[in-house]
Each structure stands twice: as C-alpha cells, then as structure tokens.
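Worksheet for the structure shown next.
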Amino acid sequence: MKESNEIANHINKFIRVYCPSNKTSSEHTIKSYHLALTLFMDFLEEKKKLTIKQLSYDCFKAETIDEWLIWLMNEKNCKPQSANVRLSSIKAFLKYLSIQDITLSYLSIEAVAVKKRKTPKIKVKGMSKEGVKALLGTINPSTKAGRRDLAMFILFYDTAARIDEILSLKIKNTHLNVPKPYVTITGKGNKYRSLGLNSKTVQYLEKFISEYHGVRPNEEDFLFYSKIKGKKKKLTQPAVTKRLKKWVVIANQWCPEVPVTLHPHQIRHAAATHWLENGMNVGEIQYLLGHENIQTTMIYLEITVTQEASAMKKIMTEDEANQPKLWKEDIRKLRDLCK
C-alpha cells in the first residue's frame, strides 16, 4: 500500500509538475506521457490482475515493459511507431523516478535495454522550391484569416521550426524591432534557440500582430491563437493542418509539385532541404532544426557518407580561413522565395 501511494504521487508530480517545468511546454507531449502511463496501468490491471492499490516498483521491470509493448501491438492494435512513443514515455518516467530516489535507478537502467519495435522506414516527401512558391502564392491575403495563414506559413518556412515550436511562440518571443530580427524558440527538452528572420517575414508578422493583437499587445499572449469563450488560446495543430489543407488543395490544381497530402512537418523538411541545396553547412542546419546530434540531421536530410565528409570539410575550411560563412548568402537568396 505504501509503494502504491508513492507511485501514484510520483506519476501525478511527473505529469503535472516535472514535465511542464523541466521537459516540455507542449501540451501534446504531456498528454502523450499521460496516455502511456494510463495504458501501462490498464495493462497491469487487465493482464497482471493488479489493482492500483497493488502497484509496486517491481511492476516497472524491463520484462514487464516488454510484455506491455507486445500487448499494445497485439491487443490494442498499436502501430510500431506509436508503441515506441509509449516506450519513450515510460523510460522518461523511470528516469524521473531515478532522480527522485537513487535506489530506483536500476529500473531506468533496465528500461534502457528494452528494444524499440521495428518500424518501416517512412521517407518524408519533400516539396520543391516551386511548390513552396505556389503554396504561399495561393494563400488569399484579402481576408483576415488568409493574412494570418500567410504570416504563419511564411514563418514556418523561414525558420523550419517544428509546428509546436511555432504554436508555442508568445509575443514576448518575437523580436522584430531590432537590427537583426529573430524569434526565440523553445525546443525539445525546454532548450532555447534563436532563429533569424528575413525582412519579408518581419513585414508580414508586424502587420499580423498589429491586426490580431493591436498596438499594445500582451507579451504573454500566444502569437497565433484562437478565441475560445472570449479568451485567446493556443492555436491547435489540427486547426493548422486544416487551414493548410485548404490552401494545398487549391495550389495543387495549378502546381502538382504541391503534394495533396502536405502537412506542416513537410514545410520544415522542405526548408531544411533547400538550405542544404543552397550550400548551407550541415552544422548550421543542425542548430536551426534544433537537433542535438548532427547524425540526426544527416538521417533527416538523407545525407550520404560522401556528402557528410564534404559538408564537414566545408565547415572546417570556413572556420580555418576565418572567412564569412558561405551559407549566409545562399540563405538570403533562398529566402527571396517568400517574397
């Protein structure tokens, strides 16, 4: 009974306190942690015949977690990708437990050995520069919603930020009236990075803020919001996807290079791909995308070993020569696409 109460308290603090303040500002990610732990409790009750009062730390041993993954896939029709997301959530919780009580570190160490389920490699279908031009050119700026969409999707492409990173932006995170305008992004693990903005993006954002937030905007308001019962709430990912779909259907009719299945993440992928095509070095792309490991960037952009060697050599050459970074001029040219 004592252990079950401790575990229940740990779960509550992990979801309500630790995750929002130490791991992520994404409501979607926090809900994912909550769902994973709920499914784990469902498994213990259904397959192990354990009630919440019978919970113990031994319930989180590696072999039980592995059985849970099998249960998710076989009985809950959970796809391998989703099962791996749930596994990551459980591992995150057990790591939290090890921080709270060092004697429980063995659970986190054991969980690391639980292998992810094999998943088919899904290639992210990119979009050409012509496709980006077509999409942005399709958005109708004669309506208030259209002007909001144009500012938002230009910002998506200019920064290549993740959708939740853009939707989590607040007025205080936008720095437009400075010599080099930028936005401050809160990425995974609550890590911050600053992303510069081109002049055209700044113009659209300034007009958008003036129209949607007034001359004296509240610094704590979300940049992109929807009004619910008179209050400004964070715009949701499904709402953005729905708006994007509206413009994609129109753009595809006169430009087949705009995929009819386009989703916001593909805009991020397209921007990063275009940076690479225009000569930006991989190290800079890694930072802009918010990847911790450069290998993640290599895989994301499907860079070959030969291309990697060439890219790294380019970084070294630029640094050793102490000359202006070649990518800066290339990215200025690329950003003209948004004009």
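The values are calculated or read from the model by the stated rules, or taken from the named source; none is laboratory data. Just so it is clear, the model here is predicted, and its values are computed rather than measured. Ideal geometry is used to build each Cβ from the backbone, glycine not excepted, and the neighbour counts take in all protein chains shown.
Side notes on the structure shown:
- Unique match (being under 23 Å from Arg16 (Cβ atoms), at pLDDT below 95 and buried (at least 16 other Cβ atoms within 10 Å of the Cβ)) among Ser82, Ser108: Ser108
- For the range 85-102, filtering for residues that are β-branched (Val, Ile, Thr) and closer than 14 Å to Tyr18 by Cβ leaves 1.
- Checking each residue in the range 110-147 for being among the charged types (D, E, K, R) and under 21 Å from Asn252 (Cα atoms) picks out Lys123, Lys125, Lys129, Glu130, Lys133, Arg147.
- Filter result for the condition that a residue is over 25 Å from Tyr287 (Cα atoms), small (Gly, Ala, Ser) and under 23 Å from the mean Cα position of the chain (by Cα), over Ala161, Ala145, Ala151, Ala239: Ala239
- Selection status of Asp42, part of a helix (DSSP H, G or I) and exposed (fewer than 12 other Cβ atoms within 10 Å of the Cβ): no
- So Lys172, is it at pLDDT 95 or above, of a type outside the set (S, T, N, Q) and under 30 Å from Tyr18 (Cβ atoms): yes
- Test: residue in the range 159-179 that is touching a Phe, Trp or Tyr at 6+ places or on another chain (Cβ under 6 Å), over 16 Å from Phe222 (Cβ atoms), in a loop (DSSP other than H, G, I, E, B) and aliphatic (A, V, I, L, M): no
- Residue among Asp66, Asp58 that alone is under 19 Å from Val114 (Cβ atoms), within 29 Å of the chain's Cα centre (by Cα) and either charged (D, E, K, R) or part of a loop (DSSP other than H, G, I, E, B) (or both): Asp66
- Just one of the listed residues (Lys48, Lys2) is without any contact (Cβ under 8 Å) to a residue 12 or more places away in the chain and either over 29 Å from the mean Cα position of the chain (by Cα) or assigned by TED's automatic domain parsing to the domain that holds Ser88 (or both), namely Lys2.
- Yes/no for Lys200 being surrounded by fewer than 17 Cβ atoms within 10 Å (Cβ to Cβ), within 25 Å of Gln286 (Cα to Cα) and in contact with a Cys (Cβ under 7 Å, 6 or more places away or on another chain): yes
- Residue within the range 125-134 that is loosely packed, with under 13 Cβ neighbours inside 10 Å, in a helix (DSSP H, G or I) and more than 22 Å from the chain's Cα centre (by Cα) present: no
- Whenever a residue of the range 207-233 is without any contact (Cβ under 8 Å) to a residue 24 or more places away in the chain, its partners that are in a loop (DSSP other than H, G, I, E, B), lying with C-beta atoms within less than 9 angstrom and at least six residues away or across chains, give the pairs Ser210/Pro217; Tyr225/Leu235; Ser226/Leu235; Ser226/Thr236; Lys232/Asn218; Lys232/Asp221.
- Some residue of the range 291-303 being in a loop (DSSP other than H, G, I, E, B), at pLDDT below 90 and aliphatic (A, V, I, L, M): yes
- Test for Ser210: is it among the polar types (S, T, N, Q), surrounded by fewer than 21 Cβ atoms within 10 Å (Cβ to Cβ) and at pLDDT 95 or above: yes
- Candidates Leu72, Leu155, Leu107, filtered to the one that is of a type outside the set (Gly, Ala, Ser), in a helix (DSSP H, G or I) and assigned by TED's automatic domain parsing to the domain that holds Ala251: Leu155
- Matching entry among Ile15, Ile11, Ile30 (being out of contact with any Cys (no Cβ under 9 Å at 6 or more places or on another chain) and either part of a loop (DSSP other than H, G, I, E, B) or over 20 Å from Lys61 (Cα atoms) (or both)): Ile15
- When Lys48 is tested against (1) farther than 14 Å from Phe93 by Cβ; (2) part of a helix (DSSP H, G or I), exactly one condition is not met: (2).
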